[in-house]
Amino acid sequence: MTNKIFMILMIIGVPLSFLGTFLHWPSNLMFFVYCLTIIALASIMGRATESLAIIEGPRIGGLLNATFGNAVELIISIFALKAGLIEVVLASLTGSVLGNLLLVAGLSFFVGGLKFKRQEFNVYDARNNSGLLMFAVMIAFVIPEVFSMNMKSTETLTLSIGISIILIILYLAALYFKLVTHRGVYQHENETEGHLEEEPEWGKGKSTAILAIATLVVAYISEHLVKTFEYVAASFGWTDLFIGVIIVAIVGNAAEHASAVLMAYKNKMDVAVEIAIGSTLQVAMFVAPVLVIVSLFFHTSMPLLFSWPELIAMASSVLLMVVISNDGESNWFEGLTLMAAYFIMGLGFFLL
């Protein structure tokens, strides 16, 4: 039923997006049309990556889901950088970290926990990811803000570029560690069960083609979505911070939200956790550094400088997720706790 709704939204939304852009419909109307269309396209991308997860296994499937889910946000952010909306981009990165760790993981734990009293996932992956989360947010994001207090803007940008390069190298090394040198070494016993039992909805070729086409359409719509931000902010009294942390983050990560919850409902917690935490790591260690480097080609460069409310919110989210996930088990109450933290922070950013 849900898939049919998203399919109808996509069939209606894509032509309306093109038509509304061509006929210059009001920006406030097009903002909601663009958002709903991107969410519908993200759902289709989620179904394609779910098929690939069944074919390739939970780790690669989760990585693919996170990658194509973050591709939407990366595209939106690049166009926002081009428009000089640095605060929106940084806020959207913050929103992705909060959304994945608290909202996506929280919803997954909650929905899965309502059906199963106790769910397990790979504790070794959870502990490895915990260390990377602590490094990416507590060190790589905090250090530029601390050191920039006694630096010139050019020195801060140089520091940001250096940290970005290190983050990208470490992220690629982490993928090599997980998918090549130590693939299967810390395998959880549940990782092979669903892989053998379930048939993919689409084949490998069809899934890949759908992902590629959907990504191109999202790129077009995202460029025009960014142009509506200024008008929407003025109409509703929203700040750039709120638009980035809540709106862009939720729209940009809609595919991961839907896929992770669906996997948890099917008791495929290894995939659900890989999507939520793996996506966060990808945002912090790959998407953010890439955006810093890409910004060098635009009129305004973006240093890796978050505000203190953003840094404290991200650090708190990481610590809460580390404490909850390090035992390799989840239940509905832990999910509710994560969601409660997200809504508290969301309210804070809305009123800030």
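A short reminder: the numbers here are calculations on the coordinates, not readings from a lab. Keep in mind it's a predicted model, so treat the numbers as computed, not measured. Positions of Cβ are backbone-derived with ideal geometry, glycine not excepted, and every protein chain shown enters the neighbour counts.
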* Asked: Using r as the Cβ-Cβ distance of TRP25 and VAL142, and R0 as 56 Å, what FRET efficiency do you calculate, to the nearest 0.05?
  -> 0.85
* Asked: How large is the charge dipole for the stretch 2-351, taken about the Cα centre, if only the Cβ atoms of Lys, Arg (+1) and Asp, Glu (-1) carry charge, to the nearest 20 debye?
  -> 380 debye
* To do: Can you pull the one-decimal nm distance between simple spin-label points at PHE297 and PHE236, each 7 Å off the Cα toward Cβ?
  => 3.1 nm
* To do: Just rank ARG127, ARG118, ARG47, fewest to most, by other beta-carbon atoms within 10 angstrom.
  => ARG118, ARG127, ARG47
* Which shape class, rounded, prolate or oblate, goes with the stretch 2-351 when its Cα gyration tensor gives a ≥ b ≥ c as root eigenvalues, a/c under 1.5 marks rounded, and past that a/b bigger than b/c marks prolate? -> oblate
* To do: Evaluate the distance, in nm, between pseudo-label points positioned 7 Å from the Cα of ALA212 and of LEU114 along their respective Cα→Cβ axes.
  => 3.9 nm
* To do: Residues in the stretch 304-323, backbone N under 11 Å from the label point at THR337 (7 Å along the Cα-to-beta-carbon vector): list them, ranges by number please.
  => 320-323
* Structure fact -> Here the residues of the stretch 283-304 lying in the modelled label zone of GLU87, meaning backbone nitrogen under 15 Å from a point 7 Å along Cα-to-Cβ, are none
* To do: Using a 10 Å Cβ count of at most 14 others and DSSP loop calls, identify the longest part of the chain lacking such GluC sites (Glu not before Pro).
  => 1-197
* Structure fact -> Once normalised by the length of the chain, the mean sequence separation of its alpha carbon contacts under 8 Å that are 6 or more apart gives a contact order in percent of 42 percent
* Structure fact -> The local net charge around TRP238, scoring Lys/Arg +1 and Asp/Glu -1 for residues other than TRP238 whose Cβ lies under 13 Å from its Cβ, equals -3
* Asked: By a straight-distance test (C-alpha under 16 Å), which lysines pair with LYS152 as possible cross-link partners, with residues fewer than eight away in the same chain excluded?
  -> none
* Asked: Given only helices, namely DSSP H runs of n ≥ 4 each adding -39500 (n - 2.57), what is the per-residue ellipticity at 222 nm of the chain, to the nearest 500 deg cm²/dmol?
  -> -24000 deg cm²/dmol
* Structure fact -> If PHE286, PHE147, PHE22 are placed from fewest to most neighbouring beta carbons inside 10 Å, the sequence is PHE22, PHE147, PHE286
* To do: Give LYS4/LYS266; LYS4/LYS204; LYS206/LYS266; LYS178/LYS204; LYS82/LYS266 a once-over and call out the pairs whose C-alpha atoms are over 31 Å from each other.
  => LYS82/LYS266
* Asked: What's the extension gain from ILE55 to PHE18 if we count 0.36 nm per residue and subtract their Cα-Cα distance?
  -> 9.9 nm
* Selected from ASN70, LEU262, VAL14, residue furthest toward positive end of dipole (the stretch 2-351; charges at beta carbon) -> VAL14
* **Estimated FRET transfer efficiency (VAL180, ARG127; beta-carbon r; R0 25 Å; 0.05)** => 0.80
* Radius 13 Å from Cβ of ILE163, net charge of other residues (Lys, Arg +1; Asp, Glu -1) -> -2
